[in-house]
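Beneath this line is the structure, given in structure tokens, with notes to follow.
The values are calculated or read from the model by the stated rules, or taken from the named source; none is laboratory data. The structure displayed is predicted, hence computed values, not measured ones. Note: ideal-geometry Cβ built from the backbone for every residue, glycine included; neighbour counts use all protein chains shown. SASA here: full protein model, heavy atoms, side chains in, ligands and nucleic acids out. Shrake-Rupley method; radii C 1.70, N 1.55, O 1.52, S 1.80 Å.
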Amino acid sequence: MLWKGRRQSRNIEDRRGMGGMRFPGGLGGGLGGGYRRGGMRGGGLGLGGIIILFIIAWALGINPLALLSGDFGSGSYIEQQTAGGGTFSSPQEEDLKQFVAVVLADTEDTWHHLLPEIGAQYREPKLVLFSGGAQSGCGFAQSAVGPFYCPADEKVYLDLTFFDELSRRFGAPGDFAQAYVIAHEVGHHVQTVLGIEEQVSRARAGMSQSESNALSVRVELQADCFAGVWANRAHQERGLIERGDIEEALTAASAVGDDTLQKRSSGRVVPDSFTHGSAAQRVRWFETGYRSGNITDCDTFRAKTL
């Protein structure tokens, strides 16, 4: 994917490291999720300790006076530093962050252009980068749930370590496989903007579990189709796509099909329990969106065959 040097979205909310950071080696109260309030103050350090503290603070980009005064006790200063720019990220993580920001920006360009064609205006979602777990408008979620979209706060949540899992565990490597994941979650936001998510929520009232599952499948397949529509526009209008990129996306779509996941976990497939669609269905609907580039071709709710 030809993403280097392109516009990056400003709608990235970086929460990585919140509750997971610790000072190295023997400086008293840790700064992780269970850190002690006011656990380290300048008054208890000798001159050598203060010098070491200043060196560490400088290296991490933290105001050393805040550490000496204990103002970090509530965690607010540290969290702002992390949320503002991923201060503690490795170069590899920062590269991934930039990639995510470029993909998000390109989805913004696509949907700002397309939605007015059907009488709607696009409002941009935030994308939250987190590590370990995150509080969302839909409740607290751990990284194990994978990337998700919360309609209550209109934010996409992503732990960058999922991309490594996508490659190693699910056998779907490549940057466009990662872009597909982001575009799928943004597809759910498009559903919210269009009022589809609200209609689906109302329709679920009184449904049996199997009926609700079947409706969820149609929701997810439409998000796959919307991801394909984005890929079409990214290719046709902005030339982002290289040879092999679409194959990467299709591999990822197949890898997260319900039947694929069920076979991997239990060795058997239970179609009535599907909530996202089979591998073949997910591939088909992404391809549908990619081939046409039209939102109207993504009406999975009226489709007789998925």
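Quick notes
- Under-5 Å amide H pairs with A172, H placed in peptide plane, nonlocal only: S167
- Residues whose amide H comes within less than 5 Å of that of V128, counting only those at least five positions distant or on another chain, are E13, V156, Y157, L158 (H built at 1.01 Å from N in the peptide plane).
- Environment charge of F226, counting only residues whose C-beta is closer than 12 Å and scoring Lys/Arg +1, Asp/Glu -1: -4
- Counting only protein heavy atoms and using a 1.4 Å probe, the accessible area of K155 comes to about 40 Å².
- When the Cα gyration tensor is reduced to axis lengths a ≥ b ≥ c, the ratio a/c is 1.5 or higher for the stretch 180-267, and with a/b not above b/c it is classed as oblate.
- Net charge of Cβ neighbours under 11 Å - reference A144; Lys, Arg +1; Asp, Glu -1: -2
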